[in-house]
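The values are calculated or read from the model by the stated rules, or taken from the named source; none is laboratory data. Note that the structure is predicted; figures quoted are calculated from it, not measured. In this analysis, Cβ positions are derived from the backbone assuming ideal geometry, glycine residues included, and neighbour counts consider all displayed protein chains.
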Ligand code: NAD
């Protein structure tokens, strides 16, 4: 098996490691040479340009910060388009804007080239374990063709519809995730002000109807411990919310709660380093409420 990957940051580097562990021949391209070094030591091949990567590898994963970068990587100078050949396929795993994804795919199709969108959920923990959720948009036969590759990095792999469908549900999922993180933060901060203990509140929420991935995992591991971490930036989360609201705008669909979520996250982003972990949105909520959600270390059961 042979695969090329463009973008070996938090997510792409872990995918690359799992492919290498499975004995796949892995070619890599990233503008950050440092990001490539460890993977090259593990047996990956660093390739000079996207064009060369596309000449050499039949399947190319793109897992990049945003749609514009994906577009430039495909159609820019020394882009994938210069090396792709009939039979090869781009597997676009970035959290990206569905309308741009569709434009790219249709441009490729006119040249007899193929792409599916296959964004992921589960963060670095699941990327490392090879247990990501992968939501795929594209033709059924293309999805089937790359199943054996996706199974190396993912566990729950769902074909959700035609091209762009994966990117659509991914943005909607993150909209929900951003909202649960923020609203749980607001509830806990208010509880602290009212004299309640954050750990006990989380115990109750996590065995009650208010629980979510944020309350079960992010708060115990990243907020109570004040660790926060740094594997999914606040900048990327705001990008995802923006994509979701952009889709709502196109559909002239009101998103009342989501719009409030968006404003809160934009405020937090404006006041922080864009590269800090997205869970630092809680620091912004704490500042506004004058309450700190702190506790002793809680063990995470996963
Ligand atoms: P990251 O910033 O850690 O990594 C991005 C990588 O892309 C970097 O190594 C960077 O050098 C490289 N890059 C940037 N521009 C490039 C270019 N023009 N050519 C080649 N390489 C380039 O980001 P990440 O956290 O790995 O996220 C990647 C994508 O996956 C994003 O779209 C994000 O929204 C999505 N995502 C992230 C997570 C997470 O938990 N981090 C989870 C799910 C989805």
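Based on what the data block shows, is residue 96 touching a strand residue (DSSP E or B) at 6+ places or on another chain (Cβ under 8 Å), under 30 Å from residue 245 (Cβ atoms) and within 13 Å of the ligand (Cβ to nearest atom)?
yes
Looking only at region 1-38, which residues are within 11 Å of the ligand (Cβ to nearest atom) and farther than 15 Å from residue 93 by Cβ?
Those that are within 11 Å of the ligand (Cβ to nearest atom) and farther than 15 Å from residue 93 by Cβ: 31, 32, 33, 34, 35, 36.
Looking at 69, 74 in this structure, which one is within 21 Å of residue 36 (Cα to Cα), out of contact with any helix residue (DSSP H, G or I) (no Cβ under 8 Å at 6 or more places or on another chain), in a helix (DSSP H, G or I) and within 12 Å of the ligand (Cβ to nearest atom)?
Numbers: 74 fails: out of contact with any helix residue (DSSP H, G or I) (no Cβ under 8 Å at 6 or more places or on another chain).
Among 69, 74, only 69 is within 21 Å of residue 36 (Cα to Cα), out of contact with any helix residue (DSSP H, G or I) (no Cβ under 8 Å at 6 or more places or on another chain), in a helix (DSSP H, G or I) and within 12 Å of the ligand (Cβ to nearest atom).
Looking at (1) within 21 Å of residue 83 (Cβ to Cβ); (2) in contact (Cβ under 8 Å) with a residue 60 or more places away in the chain, find the lone condition where residue 40 falls short.
(2)
Name the residues in region 230-246 that are over 16 Å from residue 94 (Cβ atoms) and part of a helix (DSSP H, G or I), would you?
234, 245
For (1) assigned to a helix (DSSP H, G or I); (2) in contact (Cβ under 8 Å) with a residue 24 or more places away in the chain; (3) in the same structural domain as residue 236 (by TED's automatic domain parsing), each residue gets a yes or a no:
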site: 128; (1), (2), (3): yes, yes, no
site: 135; (1), (2), (3): no, yes, no
site: 143; (1), (2), (3): yes, yes, no
site: 152; (1), (2), (3): yes, yes, no
site: 173; (1), (2), (3): yes, yes, yes
site: 176; (1), (2), (3): yes, no, yes
site: 181; (1), (2), (3): yes, yes, yes
site: 184; (1), (2), (3): yes, yes, yes
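Within the set of pairs 6+ apart or on separate chains, which have a first residue in region 192-212 that is under 14 Å from residue 294 (Cα atoms) and not assigned by TED's automatic domain parsing to the domain that holds residue 222, a second that is modelled with pLDDT of 95 or more and surrounded by 11 or more Cβ atoms within 10 Å (Cβ to Cβ), and C-beta atoms under 7 Å apart?
Close Cβ pairs (under 7 Å, with a partner that is modelled with pLDDT of 95 or more and surrounded by 11 or more Cβ atoms within 10 Å (Cβ to Cβ)) do not exist here.
Could we say that residue 53 is at pLDDT 95 or above, within 14 Å of the ligand (Cβ to nearest atom), assigned to a helix (DSSP H, G or I) and under 21 Å from residue 123 (Cβ atoms) here? Break it down stepwise before answering.
Values: at pLDDT 95 or above: yes; within 14 Å of the ligand (Cβ to nearest atom): yes; assigned to a helix (DSSP H, G or I): yes; under 21 Å from residue 123 (Cβ atoms): no.
Considered against the rule, which asks whether it is at pLDDT 95 or above, within 14 Å of the ligand (Cβ to nearest atom), assigned to a helix (DSSP H, G or I) and under 21 Å from residue 123 (Cβ atoms), residue 53 comes out as no.
Out of (1) at pLDDT 95 or above; (2) touching a helix residue (DSSP H, G or I) at 6+ places or on another chain (Cβ under 9 Å), the odd one out for residue 209 is which?
(2)
Checking residue 148 against (1) surrounded by fewer than 19 Cβ atoms within 10 Å (Cβ to Cβ); (2) within 17 Å of the chain's Cα centre (by Cα), which single condition isn't satisfied?
The one condition residue 148 does not meet is (2).
Does residue 90 meet the test of being within 12 Å of the ligand (Cβ to nearest atom), within 23 Å of the chain's Cα centre (by Cα) and assigned to a strand (DSSP E or B)?
Numbers: within 12 Å of the ligand (Cβ to nearest atom): no; within 23 Å of the chain's Cα centre (by Cα): yes; assigned to a strand (DSSP E or B): yes.
The answer is no for residue 90.
If you go through region 229-244, how many residues are more than 9 Å from the ligand (Cβ to nearest atom) and surrounded by fewer than 18 Cβ atoms within 10 Å (Cβ to Cβ)?
So the answer is 3.
Here are the criteria: (1) crowded, with 16+ Cβ neighbours inside 10 Å; (2) closer than 22 Å to residue 15 by Cα; (3) within 13 Å of the ligand (Cβ to nearest atom). Tell me which single one residue 130 does not satisfy.
(3)
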